[in-house]
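*Asks:* Sharing a structure here in structure tokens format.
The values are calculated or read from the model by the stated rules, or taken from the named source; none is laboratory data. Computed from a prediction, not measured in an experiment: that's the story for all the values here. Don't worry about glycine lacking a Cβ; one is built from the backbone with ideal geometry, like all the others, and counts go over all protein chains shown. Quick note on the areas: whole protein, heavy atoms, side chains included, nothing else; ligands and nucleic acids left out. Shrake-Rupley method; radii C 1.70, N 1.55, O 1.52, S 1.80 Å.
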There are 2 protein chains.
Amino acid sequence: MDISALKAKNPDHWTRACAIRALTLDAVTAANSGHSGMPIGMADVATVLYAKHLKFDAKNPKWADRDRFILSAGHGSMLLYSLLYLAGDPQITLDEVKNFRQWGARTAGHPENFHADAIETTTGPLGQGIATAVGFAMGEEILRARFGKKVVDHHTYVIAGDGCLMEGVSQEAITLAGRYALGKLVVFWDNNGITIDGKVELSDKTDQVTRFRSAGWEVIEIDGHDPEAIDAAITAAKKSAQPTMIACKTHIALGHAAQDTSKGHGALTNAEQNTAAKQNWGWAYGPFEVPAEVKSWWEEVGSRGAADRAEWEERFAALSDSRQKDFTRQQDGDAPKKLSAVIRALKKQISEEGPKVATRKSSEMVLEVVNPIMPETVGGSADLTGSNNTKTGDLGVFDVDSRKGRYVYWGIREHGMAAAMNGMALHGGLRPYGGTFMAFTDYARPAMRLAALMQIPTVFVMTHDSIGLGEDGPTHQPVEHLAISRATPNTLVFRPADTVETAEAWEVALTQKGTPSVLSLTRQNLPTVRREHKTNNLTSKGAYVLAEAEGKRQAILIATGSEVEIALAARDALQAEGIGTRVVSMPCMELFAQQDEAYRKRVLPAGPVRVGVEAATRHGGWDRWLLGERGREAKQDFVGMDSFGASAPAEVLYEKFGITAQNVVAKVKALL
Amino acid sequence: MDISALKAKNPDHWTRACAIRALTLDAVTAANSGHSGMPIGMADVATVLYAKHLKFDAKNPKWADRDRFILSAGHGSMLLYSLLYLAGDPQITLDEVKNFRQWGARTAGHPENFHADAIETTTGPLGQGIATAVGFAMGEEILRARFGKKVVDHHTYVIAGDGCLMEGVSQEAITLAGRYALGKLVVFWDNNGITIDGKVELSDKTDQVTRFRSAGWEVIEIDGHDPEAIDAAITAAKKSAQPTMIACKTHIALGHAAQDTSKGHGALTNAEQNTAAKQNWGWAYGPFEVPAEVKSWWEEVGSRGAADRAEWEERFAALSDSRQKDFTRQQDGDAPKKLSAVIRALKKQISEEGPKVATRKSSEMVLEVVNPIMPETVGGSADLTGSNNTKTGDLGVFDVDSRKGRYVYWGIREHGMAAAMNGMALHGGLRPYGGTFMAFTDYARPAMRLAALMQIPTVFVMTHDSIGLGEDGPTHQPVEHLAISRATPNTLVFRPADTVETAEAWEVALTQKGTPSVLSLTRQNLPTVRREHKTNNLTSKGAYVLAEAEGKRQAILIATGSEVEIALAARDALQAEGIGTRVVSMPCMELFAQQDEAYRKRVLPAGPVRVGVEAATRHGGWDRWLLGERGREAKQDFVGMDSFGASAPAEVLYEKFGITAQNVVAKVKALL
């Protein structure tokens, strides 16, 4: 392609954008891996966005009222790193750029939020960025409604590629954004017509413009290499009451031998071709070299927001002390001091009253006392509000004309919900939780994993957590989902046995800053097993002795959630036969594993036989506690599931699958 | 709503459709759970479809050339059970209908394919039906091209609700169907405007008509209670070269007090209201009673296809013997006899040559010899063809003008690919496999779980299976995904160490009839560790002794896949120090667990210390083999991952995360 017309028409812009292109070629070549074509193709869009529109202060990347920029096409990470380096971000230095994709560098293969303050979210798994951005934009709406335009008033910009738009989660995202009229969300579609396997049309002929309009979006179609068109489109998008998709016709790897080919998508490391590309661009500088006047122009761009920020600081200072404190506490993710008192009071009341309720209902009881003192919580459900018990009286409903509402009807979009919740958590100022059936962990998985990787405290309220769900059958009955979440690093999985443990689990979840929580909650009613009030949060220890053996301790039953009741019944039967039996409730294996060895040994001493009870597969981390951490501790067995469930009433299923006190007793006796 | 006009206009149709409505009310009432509203709302559509269009022979539900009917909105299962019972399906008897949602009944809460021949696929997790249907329709195209219209020529009909269409996977499905012009796919959208949480507009305002058109579909909008309009729409849809969506405006729970409300979605069990509904419908019969003339009309519908089928049998008999045999073998899912010889020959050659290749490449080498002798295989990749190595020379590409092509460019749609592969497997006659990066198991999970539950042998080719992927970083590096698939019942997870084991793994996978397989394959090159040719398939044992200890056996190293090389290097170092060390390769834990105890004990005798090595979390079933199945067998340790990975070259990552022979040696010595 002859790019001389582009150069000639806007020579200054061209050179500034080419700094991104050249840095990309150099960094990918140095790493001998990465994706060159996208940053080269989208350099014009990014340059205009940063230069003329994006509200940011490069030296203060965490300024609360900055615009958010999300690179959903995360493989094009060098676009982001180039922008940050050029604009003077203190963390993304030239050395970091040179260390692209190396151990310890902030410039990882895909943008990872925990490596640099200016990286808003982790992307790479396609579609996640655009879906997470919905939560950013929703969060902005909620906080603007609450704190006012003077303090919260910013846009969320996204660059998405064809891969993002082909992933199903993008449909969930764009229909949510359209439904909730997230007018401050702007998505640039890098319409380069290329995927890894070849041309987009090889696998897709979707009319994206019509598709976005069908979801209620404004769409503007432009030449993605025309800076004036880009500028005009962004200006128009900012005025729209609906979210805007700017379809940018671009050339992947513009001006390179690999332009407009799938080869251009990947690592362009051929020295000769790269030299030719730079010549073609008119870029006459050495590797990683950016001429001073170009760099200083970019640094001016990076400091353009400093004045905005200073004004914002003044406006913020004009808020009342308590408003400032609230805002700061919520931004920092600190739980209110009152939280533990409120939880303790509820525990006390529950221990006294001893209600028999499903833990999904227990969760609602907790939320009823927590939501009023934590205005940062945002609840929701993927169309199972009445089943997940996630909506409390005071929340209000988030909608186009009620932006203060703190409850989101997510529709039947578990994946979009999970990703958007992550976006709210990343945005700051909000603490999202959302519900679905636990079996649909499967749908939400990509975003649940990202929550763990991104170190954010999203709370996943997963109800109907076993065959106890009953008649809906095996498609709706989780058996491996505790294992899935427990196998995921940096994830707390809680399976509380009653309302007291549910309250304790929520307390731990709501005080996390860097770890997501999964609450595994029952459909069926459970008795209160914690009838003696303890001020301490026993769940925070992961496991504890719920009932001590009487007489010689011959057996330890370890159970979670709904099976604690079964373990207690089995203990009664065993004790009646003179077999001293301890019951350990283990609501959170991860927290128990974090306790010191002395505590773990106290709870699970070597010697007595051990039987675990959980209506799920043994794969959920059980071997460690049953076989013994040191491998020589106890004879053991497990009562649980080793197949999918079935459709029948819950009590029938527990009986048929042998998850009964009788069976636990039999197993213990067989081991003695 | 006044339904008298509906009754008056088509009284016979009305009564026949009301048989579905009444059976639904009765079955849900008896079960005291279920979903009444959808079958009541869609009874008219289903009646016209079955009566006038659906090609089926109720007494021969497995007739290969039947039309497929897929209830994507699986919660409305009583619609399907009513139709099957009424039409005279031999398995769905009145007793089964009366036992709706009870233990042992074929009439599970959601339709489950393994309970009755006429249930084409398992639905319930929303969106799965429509996505699976894409595979059914694609399979029909491929087989029609191969065997001719006289033998294969049928439609795939789907009923989908708003839930199905809100799930992201539906977007992947409809864009695939549009791209590949699956003209024989017809989707009825039950446009009743209601979800569980309330009106659809509470969470969604998508213009579905425009959306489907943007994906290349024909769309016809009708009144879903007008039998003539339904008939005309189906007639038009059957003529379309593109897939057709028939938007059926319906009333959920038509004629019941709960009509047009979210209450109507669930179980309608109020006796008074149900009596009133039946009166309103003009249905004057007792519970589960269907008047003889209505039942016999339905049975005529059910036998209408018998003549078609008989003619088809004649046409089929006119095929050459070898064509008949091929067709039947492929429909039965039997592997060709030649398969094991071909695999053995490849193993022999590899053991002799000892190439150093990535197992993703090994997989391609296997497919190069397998695909030519198994015309039933259909390969594909979610836009990672060159990385997954799933395309072999002879497959051809499936496209609008090349229906015989056996390779599908699925685009960036892991979930849609997995579901459509399931559809091909369920359709019969095809054996699908498809690739993506293993970390994107997360995207495909809902369909992978269903493959296991549905007992179908879909093969998931998951490459780049550890930190060995390198620079793309932790978003692309699986650490918990072996655990996820291993925790899933009825799933074989293979992690072969070299080309020989890869060939053995494929042989096992390709001979499965009721179990899906996950192949965990490396990006990085691995040496051939099996240099001595064995005709037996050692991988089919799950684990075996790869290298025996010399001298006194003090240690056993257990490893999988890319870490077998590390275990062998550690063994060399330990043996050099006089520490007798056995190496066990464990390519498939599930198969090893299925061996008898004597074999397991021979491979893993009590006594020697054990160290496991796998570049993944220990949660992947390791404790059982390390701590000892009986809990008192060995001192043990594990070398693997306990966090997410990072972005850096693969060899650096192995070093930094300590997955090295040196570290294995150190662990062994610490235990001795």
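*Asks:* Got a sec? Which of A:Ala598, A:Ala606, A:Ala576, A:Ala555 is more than 30 Å from A:Leu450 (Cβ to Cβ) and open to solvent by less than 10 Å² (accessible area, probe 1.4 Å)?
*Replies:* Values: A:Ala598 fails: open to solvent by less than 10 Å² (accessible area, probe 1.4 Å); A:Ala606 fails: open to solvent by less than 10 Å² (accessible area, probe 1.4 Å); A:Ala576 fails: open to solvent by less than 10 Å² (accessible area, probe 1.4 Å).
From the options A:Ala598, A:Ala606, A:Ala576, A:Ala555, the qualifying one is A:Ala555.
Yes/no matrix, rows are residues, columns are (1) farther than 21 Å from B:Ile159 by Cα; (2) open to solvent by 10 Å² or more (accessible area, probe 1.4 Å); (3) of a type in the set (Lys, Arg):
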residue	(1), (2), (3)
B:Ile246	no, no, no
B:Thr269	yes, yes, no
B:Trp281	yes, no, no
B:Gly286	yes, yes, no
B:Ala292	yes, yes, no
B:Glu299	yes, yes, no
B:Trp312	yes, yes, no
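*Asks:* I've got another one for you. So B:Leu672 fits all but one of (1) in contact with a helix residue (DSSP H, G or I) (Cβ under 9 Å, 6 or more places away or on another chain); (2) over 20 Å from A:His619 (Cα atoms); (3) open to solvent by 20 Å² or more (accessible area, probe 1.4 Å); what number is the exception?
*Replies:* (1)
*Asks:* Cβ-Cβ below 8 Å, separation at least six or inter-chain, first residue in the stretch B:489-500 and within 21 Å of B:Gly354 (Cβ to Cβ) and open to solvent by 10 Å² or more (accessible area, probe 1.4 Å), second at pLDDT 95 or above and in a strand (DSSP E or B): which pairs?
*Replies:* Qualifying pairs under 8 Å: none.
*Asks:* For the stretch A:646-655, does any single residue satisfy the condition of being within 27 Å of B:Asn490 (Cα to Cα) and away from chain B (no Cβ under 14 Å)?
*Replies:* Keep residues of the stretch A:646-655 that are within 27 Å of B:Asn490 (Cα to Cα), which gives A:646-655.
In the following step, the residues that additionally are away from chain B (no Cβ under 14 Å) were identified as none.
No.
*Asks:* I would also like to ask the following. Test of understanding: among B:Gly621, B:Gly628, which residue is on the phi > 0 side of the Ramachandran plot, crowded, with 21+ Cβ neighbours inside 10 Å, outside the structural domain of B:Ala497 (by TED's automatic domain parsing) and touching a helix residue (DSSP H, G or I) at 6+ places or on another chain (Cβ under 8 Å)?
*Replies:* Details: B:Gly628 fails: touching a helix residue (DSSP H, G or I) at 6+ places or on another chain (Cβ under 8 Å).
After ruling out the rest, the residue left standing is B:Gly621.
*Asks:* Pull up the stretch A:428-447, narrow it to residues that are facing chain B (nearest Cβ under 8 Å) and under 12 Å from the mean Cα position of the chain (by Cα), then point me to the one that is farthest from A:Arg68 (Cα to Cα).
*Replies:* Within the stretch A:428-447, the match that is farthest from A:Arg68 (Cα to Cα) is A:Arg445.
*Asks:* Wholly within the stretch B:1-101, which helices (runs of 4 or more DSSP H) include no fewer than the required count, namely at least 3 residues that are open to solvent by 10 Å² or more (accessible area, probe 1.4 Å) and closer than 21 Å to B:His225 by Cα? Give the derivation first.
*Replies:* Values: elements: B:4-9, B:11-31, B:37-48, B:77-87, B:94-98.
Qualifying helices (runs of 4 or more DSSP H): B:4-9, B:11-31.
*Asks:* How about the stretch B:247-350: which helices (runs of 4 or more DSSP H) wholly inside it have at least 3 residues that are closer than 30 Å to B:Val186 by Cα and in the same structural domain as B:Asp89 (by TED's automatic domain parsing)? Explain how you work it out, then say what you get.
*Replies:* Working: elements: B:271-281, B:292-317, B:321-332.
Because the criterion is at least 3 residues that are closer than 30 Å to B:Val186 by Cα and in the same structural domain as B:Asp89 (by TED's automatic domain parsing), the helices (runs of 4 or more DSSP H) in the stretch B:247-350 that meet it are B:292-317.
*Asks:* Name the residue, out of B:Glu507, B:Glu480, B:Glu565, that is of a type in the set (Asp, Glu) and either within 14 Å of chain A (Cβ to nearest Cβ) or crowded, with 24+ Cβ neighbours inside 10 Å (or both). Give the steps one after another, and end with the answer.
*Replies:* On the way: B:Glu507 fails: either within 14 Å of chain A (Cβ to nearest Cβ) or crowded, with 24+ Cβ neighbours inside 10 Å (or both); B:Glu565 fails: either within 14 Å of chain A (Cβ to nearest Cβ) or crowded, with 24+ Cβ neighbours inside 10 Å (or both).
One residue alone meets the criteria, B:Glu480.
*Asks:* Need a quick list: helices (runs of 4 or more DSSP H) entirely within the stretch B:150-244 having at least 3 residues that are within 22 Å of the chain's Cα centre (by Cα).
*Replies:* Numbers: elements: B:162-166, B:168-179, B:208-214, B:227-239.
Because the criterion is at least 3 residues that are within 22 Å of the chain's Cα centre (by Cα), the helices (runs of 4 or more DSSP H) in the stretch B:150-244 that meet it are B:162-166, B:168-179.
*Asks:* Working only within the stretch A:127-149, note down all residues that are part of a loop (DSSP other than H, G, I, E, B) and buried (at least 24 other Cβ atoms within 10 Å of the Cβ). First the steps, then the outcome.
*Replies:* The initial filter retains those residues of the stretch A:127-149 that are part of a loop (DSSP other than H, G, I, E, B), namely A:127, A:148-149.
Across the stretch A:127-149, the qualifying residue is only A:Gly127.
*Asks:* Considering every residue within the stretch A:381-398, establish whether at least one is within 26 Å of B:Pro125 (Cβ to Cβ), aliphatic (A, V, I, L, M), open to solvent by less than 40 Å² (accessible area, probe 1.4 Å) and more than 14 Å from every other protein chain (Cβ to nearest Cβ). Break it down into steps so the answer makes sense when it comes.
*Replies:* First pass over the stretch A:381-398, keeping only residues within 26 Å of B:Pro125 (Cβ to Cβ): A:381-391.
Those left that are additionally aliphatic (A, V, I, L, M): A:382, A:384.
When the remaining residues are screened for being open to solvent by less than 40 Å² (accessible area, probe 1.4 Å), the result is A:382, A:384.
Add one more test, that the residue is more than 14 Å from every other protein chain (Cβ to nearest Cβ), and what stays is none.
For the stretch A:381-398, residues within 26 Å of B:Pro125 (Cβ to Cβ), aliphatic (A, V, I, L, M), open to solvent by less than 40 Å² (accessible area, probe 1.4 Å) and more than 14 Å from every other protein chain (Cβ to nearest Cβ): absent.
*Asks:* Taking the options A:Gly109, A:Gly161, A:Gly124, name whichever one is at positive phi and either within 14 Å of another protein chain (Cβ to nearest Cβ) or open to solvent by 10 Å² or more (accessible area, probe 1.4 Å) (or both). First the steps, then the outcome.
*Replies:* On the way: A:Gly109 fails: at positive phi; A:Gly161 fails: at positive phi.
From the options A:Gly109, A:Gly161, A:Gly124, the qualifying one is A:Gly124.
*Asks:* Also, I was wondering about something else. Being buried (at least 18 other Cβ atoms within 10 Å of the Cβ), at pLDDT 95 or above and closer than 30 Å to A:Arg144 by Cβ is the requirement here; does A:Gln324 meet it?
*Replies:* Values: buried (at least 18 other Cβ atoms within 10 Å of the Cβ): no; at pLDDT 95 or above: yes; closer than 30 Å to A:Arg144 by Cβ: yes.
Against the criterion (buried (at least 18 other Cβ atoms within 10 Å of the Cβ), at pLDDT 95 or above and closer than 30 Å to A:Arg144 by Cβ), A:Gln324 does not qualify.
*Asks:* Follow-up question, since we're still on this one. Tell me, yes or no, whether the stretch B:193-212 has at least one residue that is open to solvent by 10 Å² or more (accessible area, probe 1.4 Å) and under 25 Å from B:Thr458 (Cα atoms).
*Replies:* No, that holds for no residue.
*Asks:* May I ask you to list the residues in the stretch B:510-533 that are open to solvent by less than 10 Å² (accessible area, probe 1.4 Å) and within 30 Å of B:Leu426 (Cβ to Cβ)?
*Replies:* B:Leu510, B:Pro516, B:Ser517, B:Val518, B:Leu519, B:Ser520, B:Leu521, listed by residue number.
*Asks:* Still on this structure, please answer the following. Pick from the stretch B:647-669 the residues that are surrounded by fewer than 23 Cβ atoms within 10 Å (Cβ to Cβ) and of a type in the set (Gly, Ala, Ser): which of them is nearest to A:His115 (Cα to Cα)?
*Replies:* B:Ala650
Every residue, every condition in (1) under 32 Å from the mean Cα position of the chain (by Cα); (2) modelled with pLDDT under 95; (3) over 30 Å from A:Gly435 (Cα atoms), yes or no:
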residue	(1), (2), (3)
A:Asn270	no, no, yes
A:Val290	no, no, yes
A:Gly302	yes, no, yes
A:Asp308	yes, no, yes
A:Leu346	yes, no, no
A:Ser363	yes, no, no
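*Asks:* If I filter the stretch B:215-234 down to residues being of a type in the set (Gly, Ala, Ser) and away from every other protein chain (no Cβ under 14 Å), which single residue comes out as most open to solvent (accessible area, probe 1.4 Å)? If you could, list the steps in order and put the result at the bottom.
*Replies:* So in the stretch B:215-234, the residues of a type in the set (Gly, Ala, Ser) come out as B:215-216, B:224, B:229, B:232-233.
Cutting the leftovers down to away from every other protein chain (no Cβ under 14 Å) gives us B:224, B:229, B:232-233.
Numbers: B:Gly224: 0, B:Ala229: 26, B:Ala232: 59, B:Ala233: 4 Å².
Per the stated criteria, the residue is B:Ala232.
*Asks:* Collect the residues in the stretch A:180-214 that are among the basic types (Lys, Arg) and more than 9 Å from chain B (Cβ to nearest Cβ), keeping them in residue-number order.
*Replies:* Pass one, the stretch A:180-214, residues among the basic types (Lys, Arg): A:184, A:199, A:205, A:211, A:213.
A:Lys184, A:Lys199 - these are the residues of the stretch A:180-214 that are among the basic types (Lys, Arg) and more than 9 Å from chain B (Cβ to nearest Cβ).
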